[in-house]
Each structure stands twice: as structure tokens, then as C-alpha cells.
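This report concerns only the one structure given below.
The values are calculated or read from the model by the stated rules, or taken from the named source; none is laboratory data. Source: prediction; values computed, not measured. Here Cβ is always computed from backbone atoms with ideal geometry, including for glycine, and neighbour counts include all displayed protein chains. Each accessible area value is taken on the protein alone, full model and side chains, heavy atoms only, with ligands, DNA and RNA left out. Shrake-Rupley method; radii C 1.70, N 1.55, O 1.52, S 1.80 Å.
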Amino acid sequence: MFKKDISAGAKSKVKSSAQRAIRSKVLEEYPKLEPYIEDILPKKEQLDLVKLPDRVSLYTLNSTPLFFQHMDDALLPHLTLVHKYPTAFHRLRIDRGAIRFVLSGAALMAPGMTSPGGRLPSKDLSPEDQERYGTEDLEAGTVVVIEAEGKETACMVGVLKMGTGEMREKKKGQACEAGHYLGDGLWSMAL
Amino acid sequence: MADTLPIKVTYCGVCTLPPEYCEFGGTTKKCEEWLADKHPDMHQKLYSQEALAQNLSSLSVEAQKRAEKDAVKKANKAATAEKREAETRASSKIIIKRIERNKRKYVTAVSGLEAFGLDIKKVSKDFGKKFATGASVTKLPGGGEEITVQGDLSEDIEEFLVKTYKEVPEDNIELVEDKKKTKGEKAAANVPAQ
Ligand SMILES: [Zn+2]
């Protein structure tokens with residue numbers, strides 16, 4: 001989504017009614033952010049909307065990027081927000097070999113997660129991994145955070161193109177729509 | 001873990017990624033030096049022998065080779081870019097020109113700063129503060145920008161530049177004079193003064 005370098009377009013203030021709508025949309029999509037929502041989207045502070053290329057909107061608070069959205073699609077968290085609140089999102093893990101592909105902007109493929117180094121939600125995971133990656137399969141269209149084997153922090157945010165059950169079965173194909181990854185145009189953009 | 005949110009993540013001062021991802025960029029060596037300097041504890045964890053060995057062991061032999069080749073390519077690319085930048089720097093000159101406006105009234109124009117990675121607007125502000133005088137930035141027709149300062153300050157500016165911005169070597173600064181000249185003098189002025 002942000003393979004090329006981008007520069008921020010026009011910045012405008014978000015109306016308080018729209019700000020409330022964003023807040024409830026965020027909570028609907030990421031209920032686990034509830035305890036922290038007042039820190040992330042304080043009611044009394046002014047949220048800004050920054051226009052990005054290709055009809056992407058970025059919401060920022062005092063120049064801190066929070067969520068971005070393509071047209072009226074799901075609100076996706078910026079990776080710096082994911083790094084602050086990792087447990088609030090659905091997480092998957094890629095194996096070490098897939099990291100460099102993800103960081104160069106390649107489409108995320110299912111084998112990167114069905115291999116021994118990858119993790120998909122499952123009841124067969126170790127208790128520790130169950131805690132982290134969950135036990136219930138995720139459907140296509142779910143917003144997921146991609147972590148990596150041997151790493152603490154996430155390297156990508158995206159929307160599933162294929163359910164995790166189907167991935168486990170087929171072990172091939174594109175797993176995720178192009179999203180936001182470490183070092184991409186959104187990450188490097190100056191605000 | 002859930003009760004200690006938000007997590008404060010450290011980001012690399014060189015490549016901006018979390019330091020555990022520095023190994024995938026082209027500036028790994030610089031990143032490592034930065035981490036060793038700023039966060040020695042983290043550096044020890046990420047760059048210990050065991051950590052490096054473990055990184056490799058989880059890759060197949062073929063993938064290791066690919067990764068190595070990739071790393072070399074990236075490092076080379078970064079090195080070439082750096083070298084090119086250093087070369088432009090070495091061959092670039094900052095010109096400090098004394099211009100006579102009226103009899104005994106001068107302005108000083110400074111150009112060529114951008115080749116040294118300086119923020120022209122900021123330098124202009126610094127000049128204004130340092131010399132308590134008007135300083136303004138104008139675009140040059142041939143590209144680049146020029147700072148114009150009120151007064152005859154050529155030597156003071158040279159000294160200030162060398163002292164304040166360590167990226168500017170003294171040898172790359174040239175002082176020139178722009179008097180209201182006759183044709184003959186103009187031709188002579190084109191020969192660089194030593
Ligand atoms: Zn780095």
C-alpha cells in the first residue's frame with residue numbers, strides 16, 4: 001500500500017462528531033483497546049486528518065500517527081501504535097525467512113505462516129503461543145498484525161485475504177492484502 | 001504484560017526500525033554502532049554470539065546463502081550511496097561573497113551550503129541571531145539557495161561556519177569579492193584566487 005515514499009497532503013481538523021465516530025469505530029474493531037482509549041484518542045484533544053495519496057486518510061494526534069484508512073475500509077493501526085499496544089490486536093507470525101520479503105513490500109504468502117517458524121491461531125499451539133496468537137481461526141477481511149519469528153515487535157499490519165483455516169489447509173496463495181510494513185512510505189513519512 | 005501497556009519501544013537512530021530489524025536494512029554496521037553506543041544492554045542481547053548463531057540456525061542453508069547475498073548487496077548499495085555523497089561534499093564549495101551595494105555599504109551572500117546537508121533556513125536564522133542582523137534566503141536561478149546577510153561579515157561567517165557546523169571543512173569555503181567592476185576586472189575575477 002505504501003511501497004513508494006509518500007509525502008503528507010493537506011491536513012485538516014476532524015470535527016468533534018466525526019472524532020466520536022472514529023472512536024467508536026476503533027472500539028468496535030479493536031475492543032481490547034478499550035482500557036487505553038482515553039490515552040490513544042483523548043476526548044478533549046483535536047484529532048487531525050492528513051490526506052495521503054490513493055485516497056488514504058491518516059488520523060494523527062499532535063503529529064503522532066494513529067490510524068489510517070483507505071476510503072471507507074477498516075481503520076488500520078499505524079505500526080507505532082501496534083508496538084505500544086501489541087496485545088490489543090489479532091496477531092499472526094511469519095517465519096524468519098519471510099521477514100525480508102515483507103520488509104521489501106512483497107505480498108504476504110501463506111507458507112510464511114504455515115511453516116514451522118510461523119504461527120496461526122490454533123488449539124494445538126503451546127499455552128504461551130495460544131495466549132499470543134489465539135485459538136480461533138480468523139476470517140478473511142480481519143485486520144491482523146504480523147509478528148516475526150525471533151522478534152518481539154510486529155513488522156506489518158494488513159487485512160486477511162484468506163481465512164487462517166484455509167491457509168492451514170492450502171498452504172499456498174496470498175495471505176494478506178498489501179498493508180503497512182516497517183520502513184515503508186507511511187513509516188518513513190515526515191509529519 | 002497486559003497491565004504494562006503502553007510498551008515503550010526503542011527505535012534505531014540510524015534506520016528508524018526497531019533495532020531487532022536493523023539486520024534487514026542496508027546500514028546494519030552503522031545501526032550496530034549506534035545501538036552499542038546508546039543502548040549497550042540491548043546491543044548485547046541482539047548482537048551476542050548466541051543471538052547471531054540462532055538467527056542463522058533457523059534458516060535453511062539455501063535461505064542463508066540468499067540472505068547473505070542479499071545483505072552484501074544492500075550493504076554495497078548503501079556504501080556506494082555514502083561514497084557518492086562524500087565525493088560531492090569533498091568537491092563542493094561554499095562561496096562567501098562580499099558585495100558592495102553602495103559606497104562603503106556591503107552585504108554578504110553565502111551559497112553552496114546545501115551540498116553539506118545543512119538546512120538553509122536554519123543556518124539563516126543562526127546567522128541572524130549570531131550577528132544580530134537581517135538574514136534572508138533567496139532561491140538562485142541555477143538551483144540552490146543563497147543566504148544574504150546585511151553588512152561586511154565574510155570572515156566572521158567563515159569562522160562561524162567552521163566552528164558551528166562540523167560537517168563543513170575549512171578548505172571548502174571560498175571568500176570572493178563582488179565589486180562594481182569594469183570589464184577587465186570581471187575577466188580577472190573569473191580566475192580563482194588562491
Ligand atoms: Zn537500524
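Any chance the stretch A:99-120 includes a residue that's assigned to a strand (DSSP E or B), open to solvent by 40 Å² or more (accessible area, probe 1.4 Å) and farther than 18 Å from A:A178 by Cα?
Taking every residue of the stretch A:99-120 in turn, at least one turns out to be assigned to a strand (DSSP E or B), open to solvent by 40 Å² or more (accessible area, probe 1.4 Å) and farther than 18 Å from A:A178 by Cα.
Could you please tell me which pairs satisfy a Cβ distance under 9 Å, a separation of 6+ or placement on different chains, a first residue in the stretch A:87-110 that is more than 17 Å from B:N55 (Cα to Cα), and a second residue that is part of a helix (DSSP H, G or I) and of a type in the set (V, I, T)?
What qualifies is A:A88/A:V82; A:F89/A:V82; A:L92/A:T164; A:L108/A:V102.
Filter the stretch B:27-51 for residues that are more than 10 Å from the ligand (Cβ to nearest atom), at pLDDT below 90 and open to solvent by less than 60 Å² (accessible area, probe 1.4 Å) and give the result.
Residues satisfying the conditions are B:S48, B:A51.
So that you can scan it fast, the table gives a plain yes or no per residue for (1) away from every other protein chain (no Cβ under 14 Å); (2) open to solvent by 30 Å² or more (accessible area, probe 1.4 Å); (3) under 13 Å from the mean Cα position of the chain (by Cα):
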position: A:E152; (1), (2), (3): no, yes, no
position: A:G163; (1), (2), (3): yes, no, no
position: A:L182; (1), (2), (3): no, no, yes
position: A:L191; (1), (2), (3): no, yes, no
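Taking A:P35 as the residue in question, decide whether it is open to solvent by less than 30 Å² (accessible area, probe 1.4 Å) and within 14 Å of chain B (Cβ to nearest Cβ). Quick ask: steps written out before the conclusion?
On the way: open to solvent by less than 30 Å² (accessible area, probe 1.4 Å): no; within 14 Å of chain B (Cβ to nearest Cβ): yes.
Spelling it out, it is not the case that A:P35 is open to solvent by less than 30 Å² (accessible area, probe 1.4 Å) and within 14 Å of chain B (Cβ to nearest Cβ).
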